[in-house]
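Notes follow the structure.
The values are calculated or read from the model by the stated rules, or taken from the named source; none is laboratory data. Computed from a predicted structure; not experimentally measured. Positions of Cβ are backbone-derived with ideal geometry, glycine not excepted, and every protein chain shown enters the neighbour counts.
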């Protein structure tokens, strides 16, 4: 389950960040300080049925988690080269209930296009990476959650020079998104008059919008809000969500016991306040929005 060394992976990711990481360094530093005070208590007396994924991970004392490295508020490398954000905190909550401390989690960069392969081939134990639950993906992997519900929106250059107010205005425009994402597929399926430019990560879309290569960027509103926060003089959010995107935790298909454990862990975090605290110290710190009501778990 191990990729090349953590420093090597981080160095490659940092090189790709460009304008986004530079603009987000202050927010990332603030998040790092806040998250230092947001450590979830690690269970010290765990007991799981032999042969389950929970027992195997607890015995190993470590787990590997796929997260994004370029999404402020959800998954972003901080100045120290460690990922932070709401998704990272959710993974930390799950690990803590397995008796695994934060420092024993190995975070692997998981872009939209490699999430299913990483789960299927055992590169990661779970994926927590702004990962929308949908029926097509349920044929390939299982999902716990959702732990958050976002909505697809549009980011434009400051001042909105193209006059884009919603998805119908994307006709004839060059729109950027990420390969393997549900927002990109939605544009293909429902707004075919838009020209779609695809990259592997959203930071490259932000760069493309910043240099005038594209007219707009589309993905989930919370991701775009973080990108706007990284460059408020250059970007703005249209603020007209047109889908619902329930974020789930991806795991191996058919591992019902592990999915049930994660769902129960999420439910407990909703009730004890750790989920809201995770939001407030990460995405909420960037967006300025208080934690919303937790979503209803879909225990399918």
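Overview of results
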{"item": "Verdict on residue 37 being farther than 26 Å from residue 231 by Cβ, modelled with pLDDT under 90 and either buried (at least 17 other Cβ atoms within 10 Å of the Cβ) or not assigned by TED's automatic domain parsing to the domain that holds residue 232 (or both)", "result": "yes"}
{"item": "Residue list for region 149-164, filter: surrounded by 13 or more Cβ atoms within 10 Å (Cβ to Cβ) and more than 17 Å from residue 225 (Cβ to Cβ)", "result": "162"}
{"item": "Flag if residue 276 is farther than 24 Å from residue 194 by Cβ, buried (at least 16 other Cβ atoms within 10 Å of the Cβ), touching a helix residue (DSSP H, G or I) at 6+ places or on another chain (Cβ under 9 Å) and not assigned by TED's automatic domain parsing to the domain that holds residue 99", "result": "no"}
{"item": "Some residue of region 73-87 being surrounded by fewer than 24 Cβ atoms within 10 Å (Cβ to Cβ), under 23 Å from residue 257 (Cα atoms) and in contact with a strand residue (DSSP E or B) (Cβ under 7 Å, 6 or more places away or on another chain)", "result": "no"}
{"item": "Flag if residue 121 is free of Cβ contacts under 8 Å to residues at least 24 places away in the same chain, surrounded by fewer than 24 Cβ atoms within 10 Å (Cβ to Cβ) and either in contact with a strand residue (DSSP E or B) (Cβ under 6 Å, 6 or more places away or on another chain) or assigned by TED's automatic domain parsing to the domain that holds residue 251 (or both)", "result": "yes"}
{"item": "Any hit, region 93-111, residues being touching a residue at least 12 places away in the same chain (Cβ under 8 Å), surrounded by fewer than 20 Cβ atoms within 10 Å (Cβ to Cβ) and in contact with a strand residue (DSSP E or B) (Cβ under 7 Å, 6 or more places away or on another chain)", "result": "yes"}
{"item": "Where residue 94 falls short, out of the listed (1) closer than 29 Å to residue 59 by Cβ; (2) assigned to a strand (DSSP E or B)", "result": "(2)"}
